[in-house]
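One structure is given here, and the rest of the page talks about it.
The values are calculated or read from the model by the stated rules, or taken from the named source; none is laboratory data. Values in this document were obtained by computation on a predicted structure and should not be read as measured data. Virtual Cβ from ideal backbone geometry, glycine too; neighbours counted across all protein chains shown.
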Amino acid sequence: MLSLAEMAVAVLTTADGRAKAALSHQHAASWRAARAAGAPLAIGQAAPPLRPARPDKPDLLDPREVPRRRPGSAQGRVALLHAVAHIELNAVDLHWDIIARFTDTPMPLGFYDDWVQAADDESKHFNLLCDCLEAMGSHYGALPAHAFMWQAAEDTAADLLGRLAVVPMVLEARGLDVTPGMIALFQQAKETQALAALNTIYAEEVAHVAYGSKWFNWLCGRAGDDPKEVFHHLVRKYFHGNLKPPFNAEKRAEAGLPPDFYWPLVEQA
Ligand SMILES: [Fe+2]
Ligand SMILES: [Fe+2]
């Protein structure tokens with residue numbers, strides 16, 4: 001039986017998107033089954049790659065070079081779903097990476113339960129979006145995608161608190177801010193399949209942000225540090241740019257992110 005860290009590396013080193021998602025789901029199911037049987041899998045140790053394997057397509061471009069399409073057009077909606085699919089595939093890797101990369105830091109099993117669940121959710125989200133793209137006559141890989149999506153993971157590869165601050169508590173929280181606008185757009189266009197996919201994603205992403213703030217606070221508490229101050233320091237250290245309002249205060253609160261965590265980061269030098 002593979003250890004959890006070995007399972008994570010197996011997902012990270014699988015290039016094809018659908019295959020990566022399938023393996024992510026399979027390994028998550030094995031972890032949950034062993035937990036339910038009262039015989040948890042070993043966490044183990046493994047060497048995650050600095051960058052995960054990715055398919056040949058999409059071509060990865062500097063975001064400034066990714067062509068913009070009007071969101072009101074059918075083409076624009078395909079481009080938007082393609083961009084979200086790319087984010088979801090990256091998220092599958094991000095959650096397995098946090099599992100494999102920080103095994104030197106002893107954590108309760110609940111930490112692994114949470115990120116296994118998040119990784120499994122992301123594989124479902126990726127599949128849902130691929131299904132939508134295919135139903136619209138496109139597919140993941142048909143358009144160019146954002147090249148620097150993994151940057152935050154590389155920047156925080158040696159800092160678990162930094163990873164939690166930047167990935168779930170900044171980037172995934174940003175998803176909570178922007179998803180309602182996307183939902184409105186697909187509602188207006190009466191694209192029911194994409195609407196259902198985005199509603200599922202929106203409902204499940206709250207938990208990922210909540211896992212981030214839960215374990216961030218837990219680690220700060222174990223060290224006797226003030227989580228808000230540590231958060232501000234680490235976001236300024238690792239996140240390039242300001243946080244952008246408007247914020248989804250309600251969903252952020254539900255995920256354990258109070259305003260005094262994010263508002264002071266709107267204007268940083
Ligand atoms: Fe997701
Ligand atoms: Fe997520």
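If I filter the range 21-34 for residues that are touching a residue at least 12 places away in the same chain (Cβ under 8 Å), in contact with a Gly (Cβ under 8 Å, 6 or more places away or on another chain) and closer than 22 Å to GLN151 by Cα, do I get at least one hit?
Checked against the condition, which is being touching a residue at least 12 places away in the same chain (Cβ under 8 Å), in contact with a Gly (Cβ under 8 Å, 6 or more places away or on another chain) and closer than 22 Å to GLN151 by Cα, the range 21-34 yields no hits at all.
Step by step: first the residues of the range 137-152, then only those that are surrounded by fewer than 22 Cβ atoms within 10 Å (Cβ to Cβ) and aliphatic (A, V, I, L, M), then the one that is nearest to TRP115 (Cα to Cα). Which residue is that?
Filtering the range 137-152 for residues that are surrounded by fewer than 22 Cβ atoms within 10 Å (Cβ to Cβ) and aliphatic (A, V, I, L, M), the one nearest to TRP115 (Cα to Cα) comes out as ALA152.
Exactly one condition in (1) surrounded by fewer than 19 Cβ atoms within 10 Å (Cβ to Cβ); (2) among the polar types (S, T, N, Q); (3) in contact with a Phe, Trp or Tyr (Cβ under 9 Å, 6 or more places away or on another chain) is false for THR156; which is it?
Of everything listed in (1) surrounded by fewer than 19 Cβ atoms within 10 Å (Cβ to Cβ); (2) among the polar types (S, T, N, Q); (3) in contact with a Phe, Trp or Tyr (Cβ under 9 Å, 6 or more places away or on another chain), THR156 misses just condition (1).
Take ALA42 and decide whether it is under 25 Å from ALA158 (Cβ atoms) and buried (at least 16 other Cβ atoms within 10 Å of the Cβ).
Considered against the rule, which asks whether it is under 25 Å from ALA158 (Cβ atoms) and buried (at least 16 other Cβ atoms within 10 Å of the Cβ), ALA42 comes out as no.
Of the residues ASP121, ASP104, ASP131, only one is closer than 18 Å to ALA28 by Cβ and among the charged types (D, E, K, R); which?
ASP121
Is it fair to say ALA135 is away from ligand 2 (no atom under 15 Å from the Cβ), at pLDDT 95 or above and in contact with a Cys (Cβ under 7 Å, 6 or more places away or on another chain)? Even if it seems obvious, please write down each step before you answer.
Details: away from ligand 2 (no atom under 15 Å from the Cβ): yes; at pLDDT 95 or above: yes; in contact with a Cys (Cβ under 7 Å, 6 or more places away or on another chain): no.
For ALA135, the condition - away from ligand 2 (no atom under 15 Å from the Cβ), at pLDDT 95 or above and in contact with a Cys (Cβ under 7 Å, 6 or more places away or on another chain) - is not met.
Kindly list the number of the only condition in (1) more than 16 Å from ligand 1 (Cβ to nearest atom); (2) within 20 Å of the chain's Cα centre (by Cα); (3) at pLDDT 95 or above; (4) closer than 15 Å to HIS146 by Cβ that fails for ASP59.
(2)
So GLY141 clears everything in (1) more than 22 Å from THR192 (Cβ to Cβ); (2) more than 15 Å from ligand 1 (Cβ to nearest atom); (3) in a helix (DSSP H, G or I) except one condition, right? Which one?
(3)
Looking at the range 195-213, which of its residues are buried (at least 21 other Cβ atoms within 10 Å of the Cβ) and either away from ligand 1 (no atom under 14 Å from the Cβ) or modelled with pLDDT under 95 (or both)?
Hit for the range 195-213 is SER213, nothing else.
All but one of (1) more than 15 Å from the chain's Cα centre (by Cα); (2) surrounded by 14 or more Cβ atoms within 10 Å (Cβ to Cβ); (3) more than 25 Å from ARG51 (Cα to Cα) hold for PHE216; which doesn't?
Just one mismatch for PHE216, condition (3).
Name the residue that is nearest to LEU89 (Cα to Cα), counting only residues in the range 103-138 that are of a type in the set (S, T, N, Q) and within 16 Å of ligand 1 (Cβ to nearest atom).
SER123
Is it true that PRO168 is out of contact with any Lys or Arg (no Cβ under 6 Å at 6 or more places or on another chain) and either over 25 Å from ASP114 (Cβ atoms) or within 12 Å of ligand 1 (Cβ to nearest atom) (or both)?
Criteria met by PRO168.
Yes or no, residue by residue, for (1) touching a residue at least 40 places away in the same chain (Cβ under 8 Å); (2) assigned to a helix (DSSP H, G or I); (3) in contact with a helix residue (DSSP H, G or I) (Cβ under 8 Å, 6 or more places away or on another chain); (4) of a type in the set (Gly, Ala, Ser):
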position: ARG70; (1), (2), (3), (4): no, no, yes, no
position: GLY76; (1), (2), (3), (4): no, yes, no, yes
position: ALA85; (1), (2), (3), (4): yes, yes, yes, yes
position: GLU88; (1), (2), (3), (4): yes, yes, yes, no
position: ALA91; (1), (2), (3), (4): yes, yes, yes, yes
position: ASP97; (1), (2), (3), (4): yes, yes, yes, no
position: PRO106; (1), (2), (3), (4): no, no, no, no
position: GLY110; (1), (2), (3), (4): no, yes, no, yes
position: GLN117; (1), (2), (3), (4): yes, yes, yes, no
